[in-house]
Every structure is written in C-alpha cells, then in structure tokens.
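Take a look at the structure below.
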Amino acid sequence: MNKKLSVFAIGTGGAFDTDKVNSSFYVKFKNDKILVDCGYNVFPYIKENMPEVLEELNAVFITHLDDDHIGSLKSLLFYRYYILGKSTLIRCGEDITRALIDYLPSNNVMKNGKYVKINIWSLIDLPNFNPDTLKASGNLPNSFIYPVKCVHHVPSYGFVFGFKDGGMIYISGDTKAAISIEETINLIDNVYNIKESFLLHDFTYHNVPEETSHACQKDIEVRYSTRFIERLNYYHNDKCVLNGLIYELKEK
Ligand SMILES: [Zn+2]
Ligand SMILES: [Zn+2]
C-alpha cells in the first residue's frame, strides 16, 4: 500500500497576522494532493511561490468560512478553471456546504459542477462517528480521513488523515480546546493502532477564554490532559515558527 503522508505548512498565521500567510496546509496522502484552506492571501502566495500546487492539487478541504480560510478560494477556483482548465473538488462539513454554495458564484459553470464539485462528508459524519463499531465489524479501512468537529464561532471542522498500524496527522482548524477533540484523537489512536502522530492545534496568545473562539492557554489547561497537551503543535498565530515541510511519514 502507498503509505505516503506529508504536511507542508504554506502559512500558519491568524486572521490579523497580515505579514504572515494565512493558516493553510498542503497534505500529500496516498495519491491525493490536498490543499487545506485557502484564506485571503493564500492563492497569491501559492501562485507566486509554489505554482505547481495549482496544477497538481486534486481537492481543497475547507475547515470553515472565515475570511482567513476561504478569502482567496474563489480566485483559486477561477484560476484553475479559466487558466488551467481544471475542475476542483471541495470537501467540507455537512453544515458548511449550504453556506459555501451560497458564497460561491451561482453561474452555470458552477451549477452544473463543471468547475467546482462540492463533496460533503457523506461517508462518516461525526454524530455517527464510531470507529469501535467499525473495528467490531472487522471492516477497518487501511487508511482513513475523518472530520473532527470544532468549537468555534461558526461551524468548523478539523481533519485527521492516517493509516491503520501507521502514522496520522491532525489539523485542528479554528477551535477552542474541547474535550471531544482529545477523546476523538485517543479513540482513533486506539482503534487504528496509531504508531506515530503529528497534531496541529489552533492557539491564540489572547489568554481570555470567554473572549476568544480560539484555544488559549487557560482553555487548554482546563480541557486537555497533560499528556495530550505535550503532543500538540500550535499554529494560527504570529509566533508560530512552523513552515515548509513539517511532517513526513517514514515508510516502515
Ligand atoms: Zn475562524
Ligand atoms: Zn482563522
């Protein structure tokens, strides 16, 4: 099996960090090349610095509809259609789909799915997310992608990509710390017998939980176990130093 899994940080900035690229990741997973989020300065950055991505990506995953996550999505979709002649598959959470369709241009090209095809999480939606049942049925897939529900001011999902008996990555999307997140990650660890993982989590230095819809130190200390906190790599802020290729699963 092709066990390729890598994450390239295109940007790790938050909404106000206009001197940094918005939080966006380029994930290579098996044969897929997935752009996770396309905030207001992401398309110009990619076009200038990594134009091959515009050619080769085969899906865009959207965590949620804030500007720093979809602000240049339309430009990317138009560019791929009109300049490169390519259509784009978008995947997002079920409760984001309707708003995303309203946001995108409702012209004929869009409507007949010629340049954009929006694919919701029809396979496994979190309310029914139960790897234990999957495990009991003996039908555990060798690789998996799951949406993980966030706690944010709008509907929002993070994503997990991984391999049974192998490695996995988690990109949180914008979220406060939530007990359900640690529980979900632990469940996936156990059911899929995960050997190594790389967890990226939203973080703000505005350390007042009631004033922010992002995770801050106080929020994290209350919601998460020490063991889980030690596993987290923080992003979506001006102090994050992660960039370029930040994770690559080594084939065992
Ligand atoms: Zn947000
Ligand atoms: Zn954001």
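Along the stretch 59-70 the Karplus relation, 6.51 cos²θ - 1.76 cosθ + 1.60 evaluated at θ = phi - 60°, assigns HN-Hα couplings of 6, 10, 9, 10, 6, 6, 9, 6, 3, 6, 10, 10 Hz to successive residues, with x for each Gly and Pro.
Pairs exceeding a 24 Å alpha-carbon distance, out of LYS4/LYS218; LYS20/LYS250; LYS30/LYS176; LYS4/LYS195; LYS176/LYS239: LYS4/LYS218; LYS20/LYS250; LYS30/LYS176. All other residues whose Cβ lies under 10 angstrom from that of THR63 are scored, Lys and Arg at +1 and Asp and Glu at -1, for a net of -4. For the stretch 5-248, a simple Cβ point-charge model (Lys and Arg +1, Asp and Glu -1, everything else neutral) yields a dipole of about 820 debye relative to the Cα centre. The calculated FRET efficiency for the pair LYS218 and ASN243, based on their C-beta separation and a Förster distance of 30 Å, comes to about 0.65. Could you work out the local net charge near PHE228, counting Lys and Arg as +1, Asp and Glu as -1, over the other residues with Cβ closer than 15 Å to its Cβ? Result for the local shell: -3.
Extending 7 Å from the Cα toward the beta-carbon at both MET1 and LEU187 defines two label points whose distance is 2.0 nm. The length gained on full extension between ILE179 and ASN139, counted as 0.36 nm times the residue separation minus their Cα-Cα distance, comes to 11.7 nm.
Amide H to amide H distances under 5 Å link TYR247 with VAL7, where only residues 5 or more positions off or on other chains count and H is placed in the peptide plane. For the residues ILE171, ILE46, ILE70, a GNM of the chain with alpha-carbon springs under 10 Å puts the largest fluctuation on ILE46.
The length gained by stretching the chain between GLU56 and LEU89 to full extension, at 0.36 nm per residue less their Cα-Cα distance, is 10.6 nm. Of SER180, SER156, SER172, the residue with the greatest mean-square motion in the GNM of the chain, using alpha carbon springs below 10 Å, is SER180.
Taking a sphere under 11 Å around the Cβ of GLY13 and counting the other residues whose Cβ falls inside, with K and R at +1 and D and E at -1, yields a net charge of -2. For the chain, the Kirkwood estimate of hydrodynamic radius, built from reciprocal distances between every pair of different alpha carbons, is 18.5 Å. For SER156, the residues 5 or more places off, or on other chains, whose built amide H falls under 5 Å of its own are CYS150.
With a Förster radius of 45 Å applied to the C-beta separation of LYS47 and SER225, the computed FRET efficiency comes to 0.60. Counting only residues at least eight positions apart within a chain, or on another chain, the aspartates and glutamates with an alpha carbon under 12 Å from that of LYS3 are ASP32, ASP165, GLU248, GLU251. For the chain, DSSP calls about 55 percent of its internal beta bridges antiparallel.
Under 5 Å from the amide H of ASP238 lie the amide H atoms of GLY14, each residue being 5 or more positions distant or on a separate chain, with H modelled from the backbone and absent for Pro and chain starts.
Just checking the listed ones, THR12, THR212, THR97: in the Gaussian network model of the chain with Cα springs under 10 Å, the one fluctuating most is THR212.
Computed from the coordinates by the stated procedures, all read-outs in this text should not be read as laboratory data. Here the structure is a predicted model, which is why all the values come from computation and not from measurement. Heads up, the Cβs are rebuilt from the backbone with ideal geometry, glycines too, and the neighbour counts pull from every protein chain shown.
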